[in-house]
Amino acid sequence: MSKIREAFEGGKAFIPFITCGDPDLETTKKLVLAMAQAGADIIELGIPFSDPTAEGPVIQEANLRALSGGVTTDKIFEMVKELRESVSIPFVFMTYANVVFSYGNTRRSGSEEAGGDNAAIGGTEAFLQKAAEAGVNGLILPDVPFEEKEDFAPACKKYGIELISLVAPTSQERIATVAKEAEGFLYCVSSLGVTGVRSQITTDIGAMVSLVRQASDIPAAIGFGISTPQQAKEMARKADGVIVGSAIVKLIAQHGRDCIPYVTEYVKQMKEAIS
Amino acid sequence: MSKGRFGIHGGQYIPETLMNAVNELEEAYNHYKDDPQFNAELTELLNEYVGRPSRLYFAEKMTNDLGGAKIYLKREDLNHTGAHKINNALAQVLLAKKMGKTRVIAETGAGQHGVATATAAALMGMECEVYMGEEDTKRQALNVYRMRLLGAKVHPVTTGTATLKDAVSETMREWTNRISDTHYVLGSVMGPHPFPTMIRDFQAVISKEIKAQCLEKEGRLPDCVLACVGGGSNAIGAFYHFIEDESVELIGCEAAGRGIDTFETAATLATGRLGIFHGMKSYFCQDEYGQIAPVYSISAGLDYPGIGPEHAMLHDSGRAKYVAVTDEEAVEAFEYLARTEGIIPAIESAHAVAYAKKLAPQMRKDQIMVINISGRGDKDCAAIARYRGEDIYE
């Protein structure tokens, strides 16, 4: 059993998300340690992207803060490697296709080899190799649907990183297709739109998860819009795990480098609510 | 599995939330593109409302002045709303209506696509919201007013560089938020499948007409066709029916901004690399970590860090050639065409005119060049005046 699946064995999983380098990598490191101690079962580490099209304003701004602070994919690999010495829970990178696909690839479109497939695989392979060396267990790419996963899946397999699939309220009959090939856990997007805190989640999550269950025994974790312990409790009743991003990123935005105790307390509360 | 490929480019790199929407769109497009009723309605609109076919005008003074190839201008600037964008906007809004949608959203750079979409929405009784980079709402204030006048709601986008790429991102976000009654009228041959194919088909009327008009006037095909390229919709429209005619050279003119050796450029093929962004695999201006570059051009319509996937393929195969034109060259060409032919081109189209000025004198007098004048330049007058150090009020 993979490390990610094992994380769902001990009950409902709490999966916090933070953007690496927001406000700086030192704080990110402290946050990861604190969240792991506070009960997080898996940690989603966002690699910032200049144009995060699936994010709402809160995480967009976190991406911007991190990038303007000078964080790069290589610095994040280094940080994860250091964290691995003291944290054992699974890490999942969450970023956008181009950050992986174009990693370390400096060939210009005008050059002869740029048009070939090898140029493409170079970036993805190099990224996944370094991610695996750093101790990352999974990868989430919100702009890569089932139909396009072949750009990434073979290299993920080669380096033992699970490519996490997503299903959304609009997926309907696609849920079975996606769930059958899903690895690690299935990220169930709770609502239409982008990431961000929502006062109410109107999608029939129960129905969505039951479609997943019919197709596969993959753990289902719900994300997008969840911020309160009450919401988390409700979602955890219907699924195997709960993912929270914007609510935590908001605390980081509010308190900056002093955010650690606030986030620790929040993660404790959320973990308790779903246990 | 993966659909909508042009060589290695294209595809559907979008959030799962949008997958059923693009699949539904593809199905509807495949159905209506061969539907006689839909095509009759669209042709009627293009002829009677837009004023097609647009003229292929012999630019005699420019021809004599440059002393080389015989130059024709394809007058897309004479279309209703002043640019080629209306060809695609009317077709997509008509399609959206057939699909039962009641609301359309669109991104816009220079504002021409926003105006075209707002126009089509007004005509067909659809709700319309346009996302435009805040920087562009300043550069193109007149077009913002035109959209409002046409009943559209304009949302200034403040994220990122507050230009076209950010407007596209924000419109995509809005689409994931509201899908069931809303169609995203993408303005260029980019984004996820089926947009690049569908929009190319809607713009291909340009090359279909050029071909017929050139055969009628000259009894043969042109030797080269020039068009400006941002995402590339007017260029693919002007190229498409000539791709099979190997004798016709196809030249796309990218915006070099302050030069391709500076960071203030939007010339994707000259400075970009293969990547995945905004739903497609293609070439993009980006750094070594895949972060999309904050591009720059004086032209809000060419100020985009990527290029449509079909152009990327034509670039790979060498069937089309792409050149970079600086702000300064484009502004000179803008002024040149106004003085020489009494035609004020859009600053976007002026990029093609600028390269034509270099190329035509190197060609023989019995050779024929066609320049696609994709839009008119009224919208640019205030910005060009400012570029020349003259502050005028719009």
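The values are calculated or read from the model by the stated rules, or taken from the named source; none is laboratory data. These figures come from a predicted structure and were not determined experimentally. Because the Cβ atoms are built from the backbone with ideal geometry, glycine has one as well, and the counts that use them run over all protein chains shown. Surface areas here come from the heavy atoms of the whole protein model, side chains and all, with no ligands, DNA or RNA. Shrake-Rupley method; radii C 1.70, N 1.55, O 1.52, S 1.80 Å.
Structure values in brief
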read-out	value
Of residues in region B:299-330 being touching a helix residue (DSSP H, G or I) at 6+ places or on another chain (Cβ under 6 Å), among the hydrophobic types (A, V, I, L, M, F, W, C) and surrounded by fewer than 24 Cβ atoms within 10 Å (Cβ to Cβ), the one farthest from residue B:248 (Cα to Cα)	B:324
Wholly within region B:230-345, helices (runs of 4 or more DSSP H) carrying at least 2 residues that are among the acidic types (Asp, Glu) and under 26 Å from residue B:63 (Cβ atoms)	B:327-341
Identity of the residue in region A:56-75, open to solvent by 10 Å² or more (accessible area, probe 1.4 Å) and not in a helix (DSSP H, G or I), that ends up farthest from the other protein chains (Cβ to nearest Cβ)	A:69
Hits in region A:94-124 (condition: modelled with pLDDT of 95 or more, more than 7 Å from every other protein chain (Cβ to nearest Cβ) and assigned to a helix (DSSP H, G or I))	A:100, A:124
Given (1) closer than 30 Å to residue A:54 by Cα; (2) at pLDDT 95 or above; (3) not in a helix (DSSP H, G or I), number of the condition residue B:198 does not satisfy	(3)
Within region B:208-243, considering residues that are β-branched (Val, Ile, Thr) and surrounded by 24 or more Cβ atoms within 10 Å (Cβ to Cβ), the one farthest from residue B:327 (Cα to Cα)	B:210
Within region B:118-164, tally of residues that are in a helix (DSSP H, G or I), open to solvent by 10 Å² or more (accessible area, probe 1.4 Å) and touching an Asp or Glu at 6+ places or on another chain (Cβ under 8 Å)	3
Residues that are among the charged types (D, E, K, R) and farther than 15 Å from residue B:107 by Cα, drawn from region B:117-145	B:138, B:139
When residues of region B:331-358 are limited to those that are of a type in the set (Ser, Thr, Tyr) and open to solvent by 10 Å² or more (accessible area, probe 1.4 Å), the one nearest to residue B:69 (Cα to Cα)	B:355
Members of region A:138-179 that are more than 19 Å from residue A:1 (Cα to Cα), touching a residue at least 24 places away in the same chain (Cβ under 8 Å), more than 8 Å from chain B (Cβ to nearest Cβ) and open to solvent by 30 Å² or more (accessible area, probe 1.4 Å)	A:176, A:177
First in region A:46-64 and under 19 Å from residue A:91 (Cα atoms), second anywhere and at pLDDT below 95 and part of a loop (DSSP other than H, G, I, E, B), Cβ under 6 Å, 6 or more apart	A:59/A:195
In region B:171-194, residue nearest to residue B:27 (Cα to Cα) [restricted to those that are part of a strand (DSSP E or B) and touching a Lys or Arg at 6+ places or on another chain (Cβ under 6 Å)]	B:183
Residue that is in a helix (DSSP H, G or I) and in contact with an Asp or Glu (Cβ under 6 Å, 6 or more places away or on another chain), where the choices are B:382, B:360, B:356	B:382
Any hit, region A:41-55, residues being acidic (Asp, Glu), within 14 Å of chain B (Cβ to nearest Cβ), within 18 Å of the chain's Cα centre (by Cα) and assigned to a helix (DSSP H, G or I)	no
Unique match (being in a helix (DSSP H, G or I) and either buried (at least 16 other Cβ atoms within 10 Å of the Cβ) or under 21 Å from the mean Cα position of the chain (by Cα) (or both)) among B:104, B:93	B:93
When residues of region B:275-288 are limited to those that are over 22 Å from residue B:194 (Cβ atoms) and at the interface with chain A (Cβ under 8 Å from one of its Cβ atoms), the one farthest from the chain's Cα centre (by Cα)	B:288
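Here is a yes/no grid of residues against (1) modelled with pLDDT under 95; (2) touching a Pro at 6+ places or on another chain (Cβ under 7 Å); (3) aliphatic (A, V, I, L, M):
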{"residue": "B:216", "(1), (2), (3)": "no, no, no"}
{"residue": "B:244", "(1), (2), (3)": "no, no, no"}
{"residue": "B:255", "(1), (2), (3)": "no, no, yes"}
{"residue": "B:268", "(1), (2), (3)": "no, yes, no"}
{"residue": "B:276", "(1), (2), (3)": "no, no, yes"}
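Residues checked against (1) within 14 Å of chain A (Cβ to nearest Cβ); (2) in contact with a strand residue (DSSP E or B) (Cβ under 7 Å, 6 or more places away or on another chain); (3) open to solvent by 60 Å² or more (accessible area, probe 1.4 Å); (4) more than 30 Å from residue A:172 (Cα to Cα):
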| position | (1), (2), (3), (4) |
| --- | --- |
| B:17 | yes, yes, no, no |
| B:22 | yes, yes, no, no |
| B:25 | yes, no, no, no |
| B:28 | no, no, no, no |
| B:32 | no, no, no, no |
| B:44 | no, no, yes, yes |
| B:47 | no, no, yes, yes |
| B:55 | no, yes, yes, yes |
| B:60 | no, no, yes, yes |
